[in-house]
Each structure stands twice: as C-alpha cells, then as structure tokens.
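What follows is one structure encoded as structure tokens, with my remarks underneath.
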Amino acid sequence: MPRSGTWIDDVEALAVLDDALHHCGTENMRTPAVVTAPAELGLGAAEAWPFAQFRHALDASIDQPAADGRQQLLNASLNAIRRVCRR
C-alpha cells in the first residue's frame, strides 16, 4: 500500500527524527514535529513496531536512570524506520 507522503516529506521527517536522536541526551525532544514524524512515516508501512518503539523511547525522561539506554534505543529504532521507509 503506498504511503500518502511525498519523498521530500519522508526525507524531512527522517531528518527531524535524526535531529531528535542527536539531542535526546540533553533535551526533551517531545516536540510536535518529533511526535508527528513517526506517525507520518508509519502511514501504510508494512511494519509498525519501529515507529512505536521510537515513540516509546521518547517517553523516557532524561532524568531517569534508564535514559542512558534511550539514545541507543532511539538509534536502533531509527535504523529500523529507515529500512521500512526504503521499501
């Protein structure tokens, strides 16, 4: 099933998620753009788990002890999102 977004929209959404990955250790990245990007990219995707995992990792607070693994989880999720979007 084709997704509704254009290629440029996908590139921009992936750039937003990449920026969130690089700033998640020091900033709360639950901005409107970061919250909506996985939802937009996930429309019609064959696999939904990478998008849900990315959103779940964003929910972890910077101050929580588990936040150390947050960037690793976001990175793994973003890599999976990139693979799903290439299909």
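The values are calculated or read from the model by the stated rules, or taken from the named source; none is laboratory data. As the structure is a computational prediction, the values presented were derived from the model and not from experiment. Reconstructed Cβ throughout: ideal geometry from the backbone, glycine too, with neighbour counts over all protein chains shown.
The residue of region 21-46 that is farthest from the chain's Cα centre (by Cα), among those that are β-branched (Val, Ile, Thr) and outside any helix (DSSP H, G or I), is 26. Taking region 4-17 as the range and being surrounded by fewer than 16 Cβ atoms within 10 Å (Cβ to Cβ), modelled with pLDDT of 60 or more and not hydrophobic (A, V, I, L, M, F, W, C) as the test, the residues that pass are 9, 12. Is there a residue in region 65-74 that is in contact with a Pro (Cβ under 9 Å, 6 or more places away or on another chain) and either at pLDDT 90 or above or in a helix (DSSP H, G or I) (or both)? No, region 65-74 contains no residue that is in contact with a Pro (Cβ under 9 Å, 6 or more places away or on another chain) and either at pLDDT 90 or above or in a helix (DSSP H, G or I) (or both).
Taken over region 11-53, the criterion of being touching a helix residue (DSSP H, G or I) at 6+ places or on another chain (Cβ under 6 Å) and β-branched (Val, Ile, Thr) is satisfied by 16, 34.
All conditions but one from (1) of a type outside the set (Phe, Trp, Tyr); (2) touching an Asp or Glu at 6+ places or on another chain (Cβ under 9 Å); (3) modelled with pLDDT under 90 apply to residue 78; the one that does not is (3).
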